[in-house]
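The values are calculated or read from the model by the stated rules, or taken from the named source; none is laboratory data. If you're wondering where the values come from, they're calculated on a predicted model, not measured in any experiment. Neighbour counts run over all protein chains shown; Cβ positions are idealised from the backbone, glycine included.
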Amino acid sequence: MGDFDGKVAIVTGGGSGIGEAIVKELAAKGSKVVVADRDRAGIDRVVGAAKTAGGTVAGFVIDVADAAQNAAMVEFAQKTFGGLHLAVNNAGIGGPSAPAADYPLDGWKTVIDINLNGVFYGLKYEIPAIMKSGGGAIVNMASILGSVGFANAVAYTSAKHALVGMTRVAAMEYATKGVRINAVGPGFIDTPLLSKNLDENTLKFVAGLHPMQRLGRPEEVSALTCFLLSERASFITGSYHLVDGGYVAQ
């Protein structure tokens with residue numbers, strides 16, 4: 001028996017990186033998983049790999065910055081798999097790099113729409129569906145930048161700080177209603193989001209910012225996320241958990 005037998009999950013940003021690792025672990029442990037992403041090619045690749053490994057998965061194309069699409073995603077999970085018990089609001093972007101006074105307005109709006117509003121829209125529709133299914137758990141993907149600053153990343157850092165606050169408030173509101181809600185704060189993880197935007201020297205520099213002197217792996221974030229989704233974490237809600245190679249300890 002797997003940790004998630006009989007459970008239905010949604011993972012946004014499931015088409016690559018951290019989301020992909022979470023999809024594969026949830027599916028391997030018995031959950032039926034909706035792989036939600038804006039990249040159809042990524043969805044198809046992850047769905048194919050999970051099905052080949054014996055998982056039960058389905059893809060859903062979404063722009064999380066659109067509230068109606070979040071509602072449709074939850075409805076898709078219910079119609080396809082019969083309910084919803086687990087959700088990981090993981091979709092996110094890095095955004096432009098610039099000091100606050102020079103930060104482009106369109107870049108600010110896009111980052112906030114995806115990284116913050118997208119999580120709120122997810123919660124708005126996931127929570128009632130999870131309650132209807134008898135309860136479950138949600139993990140919101142924050143960052144180390146949910147607790148510390150990082151120059152030239154004002155939009156991303158602001159969104160992740162706010163996401164931690166949103167998580168805490170929602171967790172308080174639904175703590176007696178069968179829905180646990182936590183946040184995970186990864187350090188810099190070796191994903192396409194990082195490798196496609198940074199050259200080799202910059203990647204080495206970023207790795208060196210962590211006391212462990214390396215980047216994290218998506219599977220290391222997935223391990224913590226899936227623990228928080230599981231019944232082993234039944235008394236954990238409203239918390240923000242780091243998986244950062246010691247970054248914030250400095």
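Considering region 137-168 alone, what residues qualify as being in contact with a Lys or Arg (Cβ under 8 Å, 6 or more places away or on another chain) and surrounded by fewer than 24 Cβ atoms within 10 Å (Cβ to Cβ)?
Leu145
Please state which one of Ile112, Ile127 is under 20 Å from the mean Cα position of the chain (by Cα), buried (at least 21 other Cβ atoms within 10 Å of the Cβ) and not basic (Lys, Arg).
After ruling out the rest, the residue left standing is Ile127.
Please go through (1) part of a strand (DSSP E or B); (2) under 28 Å from Ala151 (Cα atoms); (3) in contact with an Asp or Glu (Cβ under 6 Å, 6 or more places away or on another chain) for Val88 and return the number of the only condition it doesn't satisfy.
It fails just one condition, (3).
Quick check on this structure: which one of Ile127, Ile93, Ile138 is in a loop (DSSP other than H, G, I, E, B) and either of a type in the set (Val, Ile, Thr) or in contact with an Asp or Glu (Cβ under 6 Å, 6 or more places away or on another chain) (or both)?
Within the list Ile127, Ile93, Ile138, the selection yields Ile93.
Working carefully through the options Val169, Val221, find the one that is modelled with pLDDT of 95 or more, touching a Pro at 6+ places or on another chain (Cβ under 7 Å) and of a type in the set (A, V, I, L, M, F, W, C).
From the options Val169, Val221, the qualifying one is Val221.
Taking region 185-240, which residues are under 30 Å from Val8 (Cβ atoms), aromatic (Phe, Trp, Tyr) and part of a loop (DSSP other than H, G, I, E, B)?
Selection gives Phe235 alone.
Check region 152-159 and report whether any residue there is assigned to a loop (DSSP other than H, G, I, E, B), of a type outside the set (Ser, Thr, Tyr), free of Cβ contacts under 8 Å to residues at least 40 places away in the same chain and under 22 Å from Leu215 (Cβ atoms).
no
Can you say whether Ala233 is surrounded by 17 or more Cβ atoms within 10 Å (Cβ to Cβ) and either over 14 Å from the mean Cα position of the chain (by Cα) or hydroxyl-bearing (Ser, Thr, Tyr) (or both), as far as the supplied structure shows?
yes
How many of the residues in region 96-109 are surrounded by 15 or more Cβ atoms within 10 Å (Cβ to Cβ), in a helix (DSSP H, G or I) and in contact with a helix residue (DSSP H, G or I) (Cβ under 6 Å, 6 or more places away or on another chain)?
1
Please determine whether any residue of region 2-20 is modelled with pLDDT under 95 and farther than 22 Å from Lys79 by Cα.
Taking every residue of region 2-20 in turn, at least one turns out to be modelled with pLDDT under 95 and farther than 22 Å from Lys79 by Cα.
Rundown of residues vs (1) polar (S, T, N, Q); (2) free of Cβ contacts under 8 Å to residues at least 40 places away in the same chain; (3) in contact with an Asp or Glu (Cβ under 6 Å, 6 or more places away or on another chain); (4) surrounded by fewer than 22 Cβ atoms within 10 Å (Cβ to Cβ), yes/no style:
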| position | (1), (2), (3), (4) |
| --- | --- |
| Ala21 | no, no, yes, no |
| Ala41 | no, yes, no, yes |
| Ala49 | no, yes, no, yes |
| Val64 | no, no, no, no |
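Give the residues of region 38-62 that are more than 17 Å from Ala28 (Cβ to Cβ) and in a helix (DSSP H, G or I), sorted by residue number.
Residues satisfying the conditions are Arg40, Ala41, Gly42, Ile43, Asp44.
Are any residues in region 134-156 over 17 Å from the mean Cα position of the chain (by Cα) and either farther than 13 Å from Asp244 by Cβ or not aromatic (Phe, Trp, Tyr) (or both), and if so, which ones?
Correct list: Gly134, Gly135, Val148, Gly149, Ala151, Asn152, Ala153, Val154, Ala155.
Being under 26 Å from Gly165 (Cα atoms) and either in contact with a Gly (Cβ under 6 Å, 6 or more places away or on another chain) or hydrophobic (A, V, I, L, M, F, W, C) (or both), is that true of even one residue in region 46-54?
No: zero hits.
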